[in-house]
Amino acid sequence: MKRNSLALRLILSGLVAFAAPSAFAHTGSQPSVHDTVAAIILRMKRELKQDSLVELTASQVEAFLTPAEREILGTGHVHFHVNVPVVVTIVDDGSAEVPFWLLERGFKRGEKVSLLGRDCSIWEKQFPAGEIGLGIHNFTGRGKHYIVLLKPQQPGGAVKVTDLYPAQLRTAKFTAGVEPYVDQATRFPAVPASLEGQLLVQTASDSEDDARLVSLFSKTQFPAPNKVDHVVLTWSEDPRTSQAIQWRTATNITSGSVRYQLKSGDAKSAKTKRAKTQLLSTPTILNDAVNNRHTVELRGLKAGGTYSYSVSDGSEKGWTEPVEFTTAPAGAVPFSFIYMGDAQNGLDKWGVLLHNAYRARPDAAFYLMAGDLVNRGAERWDWDSFFEYSKDVFDRRPIVPVLGNHEYQAPEPVLYHAHFALPHNGPKTIPDQRAYAFEYSNAKFIILDSNLSVAKQSAWLEKQLANTKAVWKFVSYHHPAYSSGGNRDNTDVRELWTPLFDKYHVDLALQGHDHAYLRTYPMRGQKRAATTKDGTVYVISVSGVKHYEQAPHDYTEVGMMKVSTYQVLDIQIVGNRLVYRAHDLDGKVRDEFVIEK
């Protein structure tokens with residue numbers, strides 16, 4: 001998964017202006033890469049104009065560095081001790097600029113090799129026994145983190161590596177099936193024969209962004225105004241009796257309230273609840289670095305009740321026009337919901353699809369989005385666009401969000417959590433609000449986080465499935481159990497979760513990530529089942545404009561490329577029928593099927 005620079009991680013963790021840079025310092029005698037990057041950012045903001053910050057190139061960043069900064073960024077990213085003289089080989093996937101320190105420190109370019117179908121560059125240098133320090137991945141954060149291989153200079157020698165930094169790094173033999181990164185389950189199915197058997201230093205994939213200084217600064221197209229803006233509904237508790245309402249304002253508006261009443265009531269029955277207000281600081285947004293986030297969580301509502309509500313900026317006259325939401329029903333009633341895959345790119349065009357869905361099916365109770373809501377999950381300008389283009393939809397119908405890999409562009413999905421109040425009923429084995437569950441009418445919805453350990457969520461998942469009497473069971477997570485692409489398998493999901501889907505008969509798995517529409521045959525035991533009564537149907541959809549190629553698979557019943565869709569799922573009580581339809585931008589039905597219990 002793609003992550004953001006550590007400097008931005010500090011910002012998003014609330015350490016504004018890097019007031020505590022030592023939080024990520026290492027124990028060596030010189031400043032760490034992390035502290036150095038933080039200092040570079042502060043110096044850039046002091047010395048460069050805003051437009052220059054936004055348009056920085058890798059060569060401009062390199063020219064901006066002091067000699068001391070070059071030294072630290074060229075040696076302090078990864079370091080370790082070797083017991084014998086070695087040849088260090090750096091394998092770079094060639095998809096971004098060459099790290100500046102390779103040539104500067106005398107690495108020689110070798111013959112290209114093929115790895116995962118890519119032509120990769122080889123850089124080699126001899127080092128004596130002792131301490132070895134290697135530099136940053138690059139200034140853009142693009143491409144997979146380079147690979148480090150070691151071999152003894154003298155035949156027959158054995159390389160031993162100690163004092164690895166960062167501490168989570170490990171070593172392994174470079175051979176087929178090896179995992180190059182300590183923080184990903186990615187494996188190399190094959191390795192080049194010329195490099196096989198060398199000692200691999202397993203780096204951290206997420207550290208590829210540790211010195212990202214290109215495209216770090218930005219301007220939001222939609223700065224927060226001096227009024228209530230970007231109102232969004234979610235559920236943080238039981239959908240039958242609660243409703244969470246969130247919005248933003250500029251910082252001069254320091255409070256807010258929600259006034260609400262049953263639509264059937266009179267004005268005297270209206271209640272008001274004051275918001276919880278928190279400052280959201282994103283200093284890399286040059287034209288709107290801070291704004292206020294306001295949240296109200298209504299409780300004790302009537303099940304199946306339609307409520308009219310308005311939001312205030314804290315003043316007597318600053319109320320928005322009333323709109324409505326409806327709580328979940330007390331019992332089993334027919335209902336519909338809309339499911340979408342990745343929005344991610346082209347959010348203006350995604351907004352057209354979203355509003356078309358709302359106009360076509362205003363009866364849909366909520367919108368479930370299977371991850372990658374935005375492309376740059378650690379950058380607020382992208383979230384500003386998401387909420388701008390979903391205006392007049394998510395203030396009327398709750399959004400049920402799933403975490404995708406693009407929400408994880410910092411160690412923690414800080415901005416995702418800043419924008420959504422979600423249930424706290426997920427597994428205790430992973431951080432709060434990453435996975436959660438709720439029931440609506442006669443259906444159970446289980447939201448999982450496939451970015452995190454699948455195994456750590458499995459016991460909770462089984463408990464949720466085993467302890468429900470719901471007629472319909474839906475699960476949603478981002479990374480598909482059955483890939484639409486040719487080399488995007490998520491084996492942990494398939495091996496650990498699908499047996500539970502089989503055991504408790506999950507009806508539909510709603511997924512994203514692969515950017516090409518796919519619906520499987522009913523699957524059970526990783527094989528095609530006879531009917532939907534015998535297996536689970538797995539769907540992948542994309543609602544944004546970014547599309548991938550699709551590979552043929554024996555589990556594919558319907559596949560489409562380069563088409564953005566929204567899916568309407570109608571749950572009918574009489575006959576226990578589920579009617580599923582996938583619609584394109586023009587509303588045309590591109591796929592449909594029916595499940596009968």
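A few remarks follow.
- Calculated FRET value between Lys317 and His417, using beta carbons and R₀ = 41 Å, to 0.05: 0.80
- Length gained on full extension, Asp586 to Lys546, computed as 0.36 nm times the residue gap minus the Cα-Cα distance: 12.6 nm.
- Working from Cα pairs under 8 Å separated by at least six residues, relative contact order for the chain is 11 percent.
- Per-residue extension of 0.36 nm, minus the Cα-Cα distance of Ala190 and Asp554, leaves a gain of 128.6 nm for this segment.
- Furthest towards positive pole of dipole, Tyr165, Ala176, Ile571, structure part the chain, Cβ charges: Ile571
- Likely footprinting exposure, His583, His424, fewest C-beta neighbours within 10 Å first: His424, His583
- Modelled spin labels at Ala172 and Arg396, positioned 7 Å past Cα toward Cβ, are 5.1 nm from each other.
- Cross-link partners of Lys151 among lysines (Cα-Cα below 24 Å; sequence separation of 8 or more within a chain): Lys108, Lys112, Lys125, Lys160, Lys173
- Charged-residue dipole, Cβ positions (Lys, Arg, Asp, Glu), the chain about Cα centre, Debye nearest 20: 1220 debye
- Take the chain and mark each of the GluC sites (Glu not before Pro) that is in a DSSP loop with at most 14 other Cβ atoms within 10 Å; the longest unmarked stretch, sites excluded, is 317-548.
- Histogrammed with a bin width of 10 Å, the alpha carbon distances of the range 6-209 distribute as 8, 33, 36, 18, 5, 0 percent, first bin at zero.
- For the range 253-310, the Cβ-based charge dipole about the Cα centre amounts to some 340 debye (Lys, Arg positive; Asp, Glu negative; other atoms uncharged).
- Estimated [θ] at 222 nm from DSSP helical runs (n ≥ 4, -39500 (n - 2.57)) normalised by residues in the chain, nearest 500: -4500 deg cm²/dmol
- 12 Å beta-carbon shell around Phe366, net charge (K/R +1, D/E -1): +2
- Close amide-amide hydrogen proximity is noted between Val400 and Tyr367, Leu368, Met369, each under 5 Å apart and 5 or more residues distant or on a separate chain (H modeled in the peptide plane; Pro and chain starts excluded).
- Computed P(r) (all Cα pairs; the chain; 20 Å bins; percent): 19, 49, 28, 4, 0
- Interatomic Cα distance distribution for the range 35-156, bins of 5 angstrom, percent: 2, 9, 18, 21, 17, 14, 9, 5, 3, 1, 0, 0
- Cα gyration tensor, the range 526-597 - rounded (a/c under 1.5), prolate or oblate: oblate
- Here's the picture: a label point sits 7 Å out from the Cα of Arg274 along the beta-carbon direction, and within the range 238-259 the residues with their amide nitrogen under 17 Å of it are 253-259.
- For the range 244-376, the number of Lys pairs separated by eight or more positions or lying on different chains, with C-alpha atoms closer than 30 Å, is 15.
- Share antiparallel - DSSP beta bridges, the chain, percent rounded to 5: 80 percent
- Placing unit charges on each Cβ (+1 for Lys and Arg, -1 for Asp and Glu) gives the chain a dipole about its Cα centre, and among Tyr555, Gly305, Val589 the Cα reaching farthest toward its positive end belongs to Gly305.
- Between helix 33-47 and the chain there is an angle of about 70 degrees, using the helix long axis and the longest principal axis of the Cα atoms.
- Taking the Cα centre of the range 97-193 as reference, the dipole from Cβ charges on Lys and Arg (+1) and Asp and Glu (-1) amounts to some 200 debye.
- Helix axis angle, 455-466 relative to the chain longest principal axis, alpha carbon, degrees: 20 degrees
- Summed residue charge, Cβ within 14 Å of Ser308's Cβ, Lys/Arg positive, Asp/Glu negative: +2
- Largest-first principal axis extents, alpha carbons of the range 148-191, Å: 33, 27, 11
- Lysines whose Cα lies under 16 Å from that of Lys219, excluding same-chain neighbours fewer than 8 positions away: Lys45, Lys49
- Percentage relative contact order, the range 180-329, counting C-alpha pairs under 8 Å, at least six apart: 23 percent
- Angle in degrees between helix 380-389 and the longest Cα principal axis of the chain, rounded to the nearest 10: 30 degrees
- Farthest towards the positive end of the charge dipole of the range 64-117, among the residues Gly76, Val86, Phe107, is the Cα of Val86, using unit charges on the Cβ of Lys, Arg, Asp and Glu.
- Sites Lys302 and Lys527, calculated FRET efficiency, Cβ-Cβ separation with R0 51 Å, nearest 0.05: 0.65
- Two-decimal Rg to Rh for the range 336-596 - Kirkwood Rh, Cα set: 0.92
- Were the residues from Ser95 through Lys456 laid out at 0.36 nm apart, the gain over their Cα-Cα distance would be 126.6 nm.
- Under 19 Å from Lys562, Cα to Cα: aspartates and glutamates that are on another chain or at least 8 residues apart: Asp342, Asp348, Asp372, Asp514, Glu549, Asp584, Asp586, Asp591, Glu592
Throughout, read-outs are computed from the coordinates displayed, never taken from laboratory work. Remember, predicted model here, so these are calculated numbers, not experimental data. Cβ: placed from backbone, ideal geometry, glycine included. Neighbour counts: every protein chain shown.
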